[in-house]
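Participant: Below you will find the structure I want to go over with you.
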Amino acid sequence: PVCSMGNSTSRLYSALAKTLSSSAVSQHQDCLEQPDSAQLDPIDPKDLLEECQIVLQKRPPRFQRDFVDLKKNATSNHRPIRVMQWNILAQALGEGKDNFVQCPMEALKWEERKCLILEEILAYKPDILCLQEVDHYFDTFEPLLSRLGYQCTFFPKPWSPCLDVERNNGPDGCALFFLKDRFELINSANIRLTAMKLKTNQVAIAQTLKCNETGRLFCIAVTHLKARTGWERFRSAQGCDLLQNLNSITQGAKIPLIVCGDFNAEPTEEVYREFSNSSLNLNSAYKLLSPDGQSEPPYTTWKIRPSGECRHTLDYIWYSQHALNVNSALGLLTEEQIGPNRLPSFNYPSDHLSLVCDFSFNQDPDRLL
């Protein structure tokens, strides 16, 4: 049986009921049209966290991950901007096509897995949240996160593989959320990536925000590039297209930029080099966790499929190193924490690890351009 959500089920989850009973969920062909959650009451994050923990009480406790302080004597008068990047694993793919042979189906039940995802988001309290493989946007993430104070945007893949799975919940795509009390939306672009002049099945969202506290503009982008070995040149072309779009949006790096994504590419790939060597002067934030500041983590995804064990670094948070400082980054799970059956699991809802960084504005960005 599905665990109850506690005594305040109707208070916290009326958003889900309203969205499910509306036509929004069934309108898969028009997924850019957002249901209106503005009239729904705000949720206290502590209440929602409590509700999630009631559902998860039979599961092992959440992993302890600590932030690593990366400040180099940088002083800033404003609160840092916390950015979270995460491929949350589309429910249809987790249950259908992805074949995690060591993960019990019981661990993938959506009613519980969504609470593990929400618990992770609520624990780190991001100001900006960038997600990939979101196939429960309209019935879970938009209704709940909008009531937590986020402005929400979703851009589905044109031909999502989720639609090939029986009893799917619509297409998966990228989603971007930012706290409305911290930022003002100046401009928003949904980008369908091209490769060799052809439109592809991969997308990105890029939004220019104004930080209410400092008045500074910056651009935040989220993307998910083509998967699988053999598609390296295709990913490279998609990366070039995204960089061209971002160059235009940021007016040639005049506006600071943060790019979050599952690039499906190891640091040895051409698309990684394109981002490293771009005229936008980007650096990968998680390199700063390495002793020399030059190496990516050993993995951001670790799973076992019928073909064998896959341990890769595919997820990144890129940032304008002339205009932004990385104050801290969330440490990754250790091999011992992940365990022999790898991800996903009863402990952890996705096959990808979440990345979280705290950014502050450089006081004199022009000097370093």
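The values are calculated or read from the model by the stated rules, or taken from the named source; none is laboratory data. Since this is a predicted model, take the numbers as computed values, not measurements. Quick reminder, even Gly has a Cβ in these numbers, built from the backbone with ideal geometry, and neighbours come from all protein chains shown. Heads up: the accessible areas ignore ligands, DNA and RNA and are worked out on the full protein's heavy atoms, side chains in. Shrake-Rupley method; radii C 1.70, N 1.55, O 1.52, S 1.80 Å.
Participant: Calculate what fraction, in whole %, of the accessible area of the chain sits on carbon and sulfur atoms when a 1.4 Å probe is rolled over the protein chains.
Facilitator: Details: 7690 of 15930 Å².
The nonpolar share, carbon plus sulfur, comes to 48 percent.
Participant: Let me ask something else. Which residue fluctuates most in the GNM of the chain (Cα springs below 10 Å): 229, 153, 334?
Facilitator: Among 229, 153, 334, the largest mean-square fluctuation in the Gaussian network model of the chain belongs to 229.
Participant: What whole-number value in Å² describes the accessible area per residue of the chain for a 1.4 Å probe? Don't skip to the answer; put the middle values down first.
Facilitator: Numbers: 15930 Å² over 369 residues.
Per residue, the chain has 43 Å² of solvent-accessible surface.
Participant: OK, next. Tell me the Kirkwood radius of the stretch 224-290: reciprocal of the mean inverse pair distance over distinct alpha-carbon atoms, in Å.
Facilitator: On the way: mean 1/r = 0.0801 Å⁻¹.
About 12.5 Å for the stretch 224-290.
Participant: A further question on this structure: So if I place +1 on the C-beta of Lys and Arg and -1 on the C-beta of Asp and Glu, and nothing else carries charge, what would the dipole magnitude of the chain be about its Cα centre? I want it in debye, nearest 20.
Facilitator: On the way: 38 positive and 45 negative charges, 94 e Å.
Around 460 debye, computed over the chain.
Participant: Shifting gears a bit: Using a Gaussian network for the chain with springs between C-alpha atoms less than 10 Å apart, which of these wobbles most: 321, 238, 64?
Facilitator: Residue with maximal mean-square fluctuation among 321, 238, 64: 64.
Participant: Of the peptides 92-101, 290-299, 254-263, how do they stack up when ordered by the mean number of other Cβ atoms within 10 Å, highest first?
Facilitator: On the way: 92-101: 18.8, 290-299: 12.8, 254-263: 23.9.
Listed from highest to lowest mean packing, they are 254-263, 92-101, 290-299.
Participant: Structure shown: which of 197/254; 125/254; 180/254; 97/199 lie over 32 Å apart, alpha-carbon to alpha-carbon?
Facilitator: Over 32 Å apart, Cα to Cα: no pair at all.
Participant: Taking a temperature of 37 °C and a viscosity of 0.692 mPa s, what whole-number D in µm²/s does Stokes-Einstein yield for the chain with Rh from Kirkwood over alpha carbon pairs? Intermediate results must be reported in sequence, preceding the final value.
Facilitator: On the way: Rh = 20.9 Å.
Reported coefficient: 157 µm²/s.
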